[in-house]
Amino acid sequence: MHDALRILHSDDDIALIEKPAGLIVHPNKYARREPNLVNVVGGRLQRRIYTVHRLDRGTSGLMLFALSAEAAGELSRQFRTRSITKGYIAAVRGHPPESGTIDKPLRLEKEDEEEREATTHFTTLATSELDIGVGPYDAAWFALVELTLETGRPHQARRHLRSISHPVIGDQSHGDRANNQYLWDRLGERHLLLRALRIGFNHPRTGARITAYAGITELWRTALGELGLPLPPSLPVEPTVSIPA
């Protein structure tokens, strides 16, 4: 799995990584013997890695790491002040509106009593209707949506999309079992159709604005084809990192 990991850019201060789905970010007590992103990237770069944000195990796409304590502090500040922009794409059940905002507070953990503000903006990029029976219905409706997260709560995109009855396809915790199984049967594997597509931030040393785009993998293109969803021209296949000279 970690063989699919790609280092898109690294310098003395940061590393931009394309994370494959299924790879955890940190070692934890439930997966002590599994490879994790911090160790794999640190081994490849021969550097200590500092995490400044996270992605769920099943989510693929862009992750930003700091390579020094000073860079980690500056990037963490940018996350706190929301000057870092993050964009995702997801394939979901049903046909959402053309665009909208989900402003729904979320608990950080199940046992927490306090809810924290959480805001997700979405735009529908493509829709499909397949003449197949999935679950109790005679037809299946799917959509490809682009998401911008103002906040970074645990599982925010997945929980917010479920809250408006458009769960992410392939989401075992918050999704629809019949639609998940339909996709998995056709792919021959379990996969979550949520991808960290783009990120924008200021370089912690130079202040230059950096934008990165994850691209669309072959597996994603196959999955979208199985759901009848066209790939919009606005989503180039290859990853890119733009750094001002």
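The values are calculated or read from the model by the stated rules, or taken from the named source; none is laboratory data. Because the structure is a prediction, the values reported are computed rather than measured. Every residue, glycine among them, receives a Cβ derived from its backbone with ideal geometry; neighbour counts consider all protein chains shown.
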Selection from the stretch 233-245 of residues that are surrounded by fewer than 17 Cβ atoms within 10 Å (Cβ to Cβ) and under 18 Å from the mean Cα position of the chain (by Cα) = Ser234, Pro236, Val237, Glu238, Thr240, Val241
inquiry  = So for the stretch 199-216 (the condition being touching a helix residue (DSSP H, G or I) at 6+ places or on another chain (Cβ under 7 Å), charged (D, E, K, R) and without any contact (Cβ under 8 Å) to a residue 40 or more places away in the chain), does at least one residue qualify?
reply    = no
query = For Gly152, all conditions in the list (1) in contact with a His (Cβ under 8 Å, 6 or more places away or on another chain); (2) buried (at least 17 other Cβ atoms within 10 Å of the Cβ) hold save one; what is the number of the exception?
reply = (2)
key: Residue match in the stretch 46-56 (condition: of a type in the set (D, E, K, R), over 19 Å from Arg153 (Cβ atoms), modelled with pLDDT of 90 or more and surrounded by 15 or more Cβ atoms within 10 Å (Cβ to Cβ))   = yes
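Residue-by-condition table, conditions (1) modelled with pLDDT under 95; (2) part of a strand (DSSP E or B):
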position	(1), (2)
Glu70	no, no
Lys86	yes, yes
Ala91	no, yes
Gly100	no, yes
Glu109	yes, no
Asp112	yes, no
Leu125	no, yes
